[in-house]
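One structure is given here, and the rest of the page talks about it.
The values are calculated or read from the model by the stated rules, or taken from the named source; none is laboratory data. Keep in mind that this is a model prediction, so the values were computed, not measured. We place every Cβ from the backbone using ideal geometry, glycine too, and count neighbours over all the protein chains shown.
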Amino acid sequence: MNTIAFLKQNKDRWWALPLILPVVLLPVLSAANTLTQLGDGIVALYYLPLFFLLTLMLFFGVGAIPGIVLSLFIRYYPQVGLFETVAGIFHFIIPLVLSWGGYRVFAPRRNMTAYGDIRLMAQRIFWQVLCPATLFLVLFQFAVYLGVYESRQSLAGLNPLNIHTLINYQALLVSGLTGVPLSYLIIRLIRHPRYFRALISQSRAQIDKKVTFIEFLVWLIILGGLLLLLLIPMNENSSIFTTNYTLSLLMPVMLWGAMRFGYRLTSLIWTPVLLVSIHYFYRYIPVNQGYDIQLAITSSSYLVFSFVVVYMSMLSTRQRAVNKRSRRLALLDPVVHMPNLRALLRDLARNPWSALCLLRIPELEVLGRNYGVLLRILYKQQLAQWVNGTLPAQ
């Protein structure tokens, strides 16, 4: 028991989870990366390691840096040698530290709340998506131009303003938009496994009350059918529904889910769908003339679809919460903060066989004139609290 208590107490120290998680999870999450050959070079369609490491810094701060350095060294040293490994470590650390520091400065309050709060969306998109993606790509272009990355020359051309750079930048943006919340969820579940129960309850609470099981099942079937069409390999007999045309049909289906099921459930479903569709992109994008243009358009679709789905799910969830709060406040008296006549009529409609009881306390009027109206309000509140606790027992 002492060992378990010691581990729980010190799990956030630099030699505990911040050191273990990047070494263990970086190779696993790197399997989500998607690279492809384009002309004489290679472009990325999805790149998760940068944003996973950024999420580690959001949790553990500078205590995550030793684990980040160790995981990068273990991953790249056997492949490229010491010089490129050290350069790559600085290439990661600079954007991570600047983005983490900027986010902590400009979002000092509640900056580690779960994703889905629309009030933090602007700060998070800038400091966790735009800033690290831009810095990482700019540093990479400079390093390749200066000859630091001899083994990565195929990832950048001589001209930085080309279609390869555009696709790489879009890949980094969509990776940050979906990869940071995914990494946040994984790390939080590892730190607190009981958060899984809270996640389930939050997902259920964000679903529109009018949603039925039939509607959710129909939505899942349509989404699964579209994804299955995307994964069918193309041949000479393929129809338009096995091309990237079907990718555009995912947008209205996901918007349907975003408006009805809330941010939590939508993001849990959209991220795996996006990862699978990106990983098997070659099954619905034909390799022919204009392949680079098609790849750039499809890559931008990943980004735009992800942003719209995330934003609309946050907006609809926020709107439902505001409407629910407004309906609740409409049933309370603004002075005494007790149920008003509208609440009484609602309860009578729900319980038509109820009996009404009128309490009259003459001395309360005298006390109110002597000690103020606040005494009367406080007395009524405590009396209502006592009655609510007593009636169910009788």
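If we scan the range 349-356, do we find a residue that is in a loop (DSSP other than H, G, I, E, B), among the aromatic types (Phe, Trp, Tyr) and outside the structural domain of Met251 (by TED's automatic domain parsing)? Looking through the range 349-356, at least one residue is in a loop (DSSP other than H, G, I, E, B), among the aromatic types (Phe, Trp, Tyr) and outside the structural domain of Met251 (by TED's automatic domain parsing).
Residue-level check: of (1) more than 30 Å from Ala16 (Cβ to Cβ); (2) of a type in the set (D, E, K, R); (3) under 20 Å from the mean Cα position of the chain (by Cα), Arg188 misses just (1).
Residues are listed down the side, and each one gets a yes or a no for (1) surrounded by 15 or more Cβ atoms within 10 Å (Cβ to Cβ); (2) part of a helix (DSSP H, G or I); (3) touching a residue at least 12 places away in the same chain (Cβ under 8 Å); (4) among the small types (Gly, Ala, Ser):
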| position | (1), (2), (3), (4) |
| --- | --- |
| Leu189 | no, yes, no, no |
| Ser203 | yes, yes, yes, yes |
| Asp208 | no, no, yes, no |
| Val218 | no, yes, no, no |
| Ile221 | no, yes, no, no |
| Gly225 | no, yes, no, yes |
| Leu229 | yes, yes, yes, no |
| Pro233 | no, no, yes, no |
| Glu236 | no, no, no, no |
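Checking the conditions here, which among Val80, Val69 is among the aliphatic types (A, V, I, L, M), touching a residue at least 40 places away in the same chain (Cβ under 8 Å) and out of contact with any Cys (no Cβ under 7 Å at 6 or more places or on another chain)? Working first, answer last.
Values: Val69 fails: touching a residue at least 40 places away in the same chain (Cβ under 8 Å).
Matching residue, one of Val80, Val69: Val80.
Arg376: surrounded by 10 or more Cβ atoms within 10 Å (Cβ to Cβ), free of Cβ contacts under 8 Å to residues at least 60 places away in the same chain and over 27 Å from Ala205 (Cα atoms), yes or no? The answer is yes for Arg376. Number of residues in the range 280-321 that are assigned to a helix (DSSP H, G or I) and over 20 Å from the mean Cα position of the chain (by Cα): the value is 11.
For the residues Leu173, Leu120, the requirement of being within 17 Å of the chain's Cα centre (by Cα), at pLDDT 90 or above and either assigned to a helix (DSSP H, G or I) or closer than 29 Å to Ser267 by Cβ (or both) singles out Leu173.
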